[in-house]
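Visitor: Before I ask anything, here is the structure I am working with.
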Amino acid sequence: MIPLEWYLALAAVLFCTGIFGVLTRRNAIGILMGIELMLNAANINLVAFARYMHPTILTGHIFAIFVITIAAAEAAVGLAIIISIYRNIELINVDKINVMKW
Amino acid sequence: MPFDLHSINLFDMGKQFVFTLTLQKISFLAVAFMTFASAVAVVTMKNIFHSLLFLVLTFLGVAGIYLLLSADFLAAVQVLVYIGAITVLIMFALMLTSKLMAKRVSQTMEQWIVALPVTLGILVVLIRLVVLNPWGMKAAPAGPTTGIIGTSLMTKYLLPFELASIVLLVAVVGAILLAKEDKSDDPS
């Protein structure tokens, strides 16, 4: 049997990879990819705890489904915002988009 | 020693250095390595389209992890929603902003030197938490999950389920409204 710690360690590593992507990507779409990685890591944690605590109740699975739903909505709205920005100022690099800063 | 189908003894010489890897653990390690390697490729690739393709591989690896956790329904949802819908959505956005891909602009910021220690610090804290905490949980044998998920979505979690559908509707309307071309105040 696989220990629970292995799943948690994999989720932690995946989460940190996502954080690194969010912090370093210049393209806004790359930042969205990093966010998807982090949401997937959280889902692995939820499903692993559901498997190891209550294998018949599956609350973690339900939460993972809600997380997937919110991730889909977030990707749709985020990409729409990115396309709208691109249409207005012809670039989506987050270090150049600072019209709302001052 | 009789041959056991589910355990392969590595380093069988010397009693103190025997550790057994079951087939389950071997498949977990393979899937986890694939997931991790493609996730690293997602955040480090120069070409953003290549990192999108590696993102598909990462999602597939997470689906494999779900299968190892005997979450059959979630694995199918992962493949359908993430690989089938979200990746295609991101691909559309990449194609619509393809001028940036062609220009060969640098995809990473200069602040990765700062970001790497921050990320490694968070990773060390998380791994330390995982290792030091005595979880002490054993996985019980689990059956198919789809029926239980459907029943609890329709009984105990009915209100969040309906709210999620409203959230999806609002997101769809919002996405259309945001991405729509605004012709009213821009005569050009």
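Visitor: Would it be correct to say that A:Leu79 is assigned to a helix (DSSP H, G or I), under 13 Å from the mean Cα position of the chain (by Cα) and among the aliphatic types (A, V, I, L, M)?
Guide: No: the conditions fail for A:Leu79.
Visitor: Please name all residue pairs, on different chains or six or more residues apart, with Cβ atoms under 9 Å, provided the first residue is in the stretch B:101-120 and is over 24 Å from B:Phe49 (Cβ atoms) and assigned by TED's automatic domain parsing to the domain that holds B:Met45 and the second residue is β-branched (Val, Ile, Thr) and modelled with pLDDT of 70 or more.
Guide: Nothing qualifies.
Visitor: So, one more: Scan the stretch B:23-35 and give yes if some residue there is among the basic types (Lys, Arg) and not in a helix (DSSP H, G or I), otherwise no.
Guide: No - not one qualifying residue is present in the stretch B:23-35.
Visitor: Select the helices (runs of 4 or more DSSP H) contained entirely in the stretch B:36-152, then report the ones holding at least 1 residues which are more than 7 Å from chain A (Cβ to nearest Cβ) and surrounded by 17 or more Cβ atoms within 10 Å (Cβ to Cβ). Even if it seems obvious, please write down each step before you answer.
Guide: Values: elements: B:48-68, B:72-77, B:87-96, B:98-102, B:112-132.
By residue number, B:48-68, B:72-77, B:87-96.
Visitor: Then there's this: Which condition does A:Ile70 not pass, out of (1) more than 8 Å from chain B (Cβ to nearest Cβ); (2) more than 28 Å from B:Trp112 (Cα to Cα); (3) under 17 Å from the mean Cα position of the chain (by Cα), if it passes all the others?
Guide: Single failed check for A:Ile70: (1).
Visitor: Go through the stretch A:44-61 and count every residue that is within 7 Å of another protein chain (Cβ to nearest Cβ) and buried (at least 21 other Cβ atoms within 10 Å of the Cβ).
Guide: The qualifying residues number 7.
Visitor: Now, a different point. Taking the options B:Ile166, B:Ile113, B:Ile122, B:Ile149, name whichever one is out of contact with any helix residue (DSSP H, G or I) (no Cβ under 6 Å at 6 or more places or on another chain) and modelled with pLDDT of 90 or more.
Guide: Matching residue, one of B:Ile166, B:Ile113, B:Ile122, B:Ile149: B:Ile166.
Visitor: Sticking with this structure for a sec: Tally up the residues in the stretch B:42-72 that are in contact with a Phe, Trp or Tyr (Cβ under 6 Å, 6 or more places away or on another chain) and either acidic (Asp, Glu) or at pLDDT 95 or above (or both), please.
Guide: Here the count works out to 1.
Visitor: Could you run through the stretch A:14-32 and say how many residues are touching a helix residue (DSSP H, G or I) at 6+ places or on another chain (Cβ under 6 Å) and either outside any helix (DSSP H, G or I) or more than 25 Å from A:Gly78 (Cα to Cα) (or both)?
Guide: Within the stretch A:14-32, residues that are touching a helix residue (DSSP H, G or I) at 6+ places or on another chain (Cβ under 6 Å) and either outside any helix (DSSP H, G or I) or more than 25 Å from A:Gly78 (Cα to Cα) (or both) number 2.
Visitor: Still on this structure: Condition first: assigned by TED's automatic domain parsing to the domain that holds B:Gln24 and in contact with a Lys or Arg (Cβ under 6 Å, 6 or more places away or on another chain). Can you find one or more residues in the stretch B:62-69 that meet it?
Guide: Yes, the conditions are met somewhere in the stretch B:62-69.
Visitor: Separate question: Do you know which of the residues in the stretch A:31-43 that are of a type in the set (Gly, Ala, Ser) and at the interface with chain B (Cβ under 9 Å from one of its Cβ atoms) is surrounded by the fewest Cβ atoms within 10 Å (Cβ to Cβ)?
Guide: A:Gly34
Visitor: Are there any pairs with C-beta distances below 7 angstrom linking a residue in the stretch A:78-96 that is more than 8 Å from chain B (Cβ to nearest Cβ) to a residue that is in a loop (DSSP other than H, G, I, E, B), with the two at least 6 apart or on different chains, and if so which?
Guide: From the stretch A:78-96, the pairs are A:Ile85/A:Ile92; A:Ile85/A:Ile97; A:Val94/A:Arg26.
The values are calculated or read from the model by the stated rules, or taken from the named source; none is laboratory data. Keep in mind that this is a model prediction, so the values were computed, not measured. Neighbour counts are summed over all protein chains in view; Cβ atoms, including those assigned to glycine, are modelled from backbone coordinates with ideal geometry.
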